[in-house]
Every structure is written in structure tokens, then in C-alpha cells.
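Scroll down for the structure; my scribbles are underneath it.
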Amino acid sequence: MTLTQDKPVVAQNGTNNGGINNAAANTATIKQWVSAMVKGDLDKAPYAEDAETSDPSGKYKGKTQILQSFKVWKTAFPQGTAEVTNQIAQGDQVATEVVYKATHTGPLVASTGTIPATNKPIVLKTMLISSFRNGLIQRERTYFDQADFMKQLGITTPKP
């Protein structure tokens, strides 16, 4: 399901932030990027050069750092699928639910160390909150249940 608000969103300065169809164009951009990313086509990343992203693994500033974070995931999960299951958009803001399915066949480099391949399948339900500027993602926050993710990999944290 995709819900879009295609009327102009008027900014405080009185402009309409780029036109009537921002919401529809931005939801399409996210869908295209999810498809390209899961295939490893990272050169199609729709991020502004000065974009900022965050997810449970950290914060990334600039397109170079953002792409590096995606390379880490593609190394750990080189084969997989992704499905956009829901989107809600208004103007330059898009909320997107994505379900990723993959098998952990490569090393996953994390801030706490590298997790060797477990060869376990995962289903990762994520929520992306994306803000666009001039047709590119300027800011994005991604949320997922990290404890569930680690459980699916067979990794548990020691109990105190």
C-alpha cells in the first residue's frame, strides 16, 4: 500500500518545495533504490553528497560513508530480496516499510567486532524515514529490531 499526499506542501518561506508531485516521485525513488541496493547496484544510491543517515549500527555523514555502510551489509548478505510493503508520503517526507530476506554468508563488520558468517537466514523488518531535497535523500533514519536480528543470526548477549 502506498499513500501519497500530492498537493504542494508550503514551506515557511512560501515556496512549494519543488512542485506538486514530490510525494509520488519520492516514493518511486525509494522503491527503485531498495531494488537497486539489494542487487548491489550501489552506484544508483539517491543520496545527496552531504546526506546524513542513521540506523542501529551507527550514524553516517556524506554519500561516501553511507555507501560504505551499504557495502558492509552487501558483504554480509550478498544474496537476498527486499520488498517495500508500505509507504506513506507527504511532500518531501517518506515513511517506508521494507522486509529484507537474506542469508548471512559473509562477515558482518560491526562497531563491536566482526561477526563471521553464520549461514543463517534472516527476515529483517525495517522502517525508513526519509527526507528529500531536490529529488535526493538528504536525511534518513532506519529502524529495526536489533535484538531480533542478532537472535536470528544465533548470537545472544551474555546475561549479567
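The values are calculated or read from the model by the stated rules, or taken from the named source; none is laboratory data. Please read these numbers as outputs of a predicted model, since none were measured by experiment. Note that each Cβ is placed from the backbone with ideal geometry, even for glycine, and that neighbours are counted across all protein chains shown. Ligands, DNA and RNA are stripped out before the accessible areas are found, and what is left, the full protein with its side chains, is counted by its heavy atoms. Shrake-Rupley method; radii C 1.70, N 1.55, O 1.52, S 1.80 Å.
Some notes on this structure:
- The local environment of Val98, defined by Cβ-Cβ distances under 9 Å, has a net charge of -1 under the rule Lys, Arg +1 and Asp, Glu -1.
- For a label point 7 Å along the Cα-to-beta-carbon line of Gln146, residues of region 103-131 with backbone N under 16 Å: 108-115, 125-127
- Counting lysine pairs in the chain that sit 8 or more residues apart in sequence, or on different chains, and whose Cα atoms lie under 17 Å apart gives 24.
- Projected label points at Asn86 and Arg133, each 7 Å from Cα along the beta carbon direction, are separated by 3.0 nanometres.
- For region 81-140, the solvent-accessible area with a 1.4 angstrom probe is 51 square angstrom per residue.
- Dipole magnitude (debye, nearest 20) for the chain, charges at Cβ of Lys, Arg, Asp, Glu: 340
- Contact order relative to length of the chain, as percent, for alpha carbon pairs under 8 angstrom and 6 or more apart: 22
- For the chain, calculated [θ]222 nm from helices alone, where every DSSP H run of n ≥ 4 adds -39500 (n - 2.57): -7500 deg cm²/dmol
- Counting DSSP beta bridges with both ends in the chain, the antiparallel % (nearest 5): 80
- Taking only protein heavy atoms and a 1.4 Å probe, the accessible area of region 41-100 is 49% carbon and sulfur.
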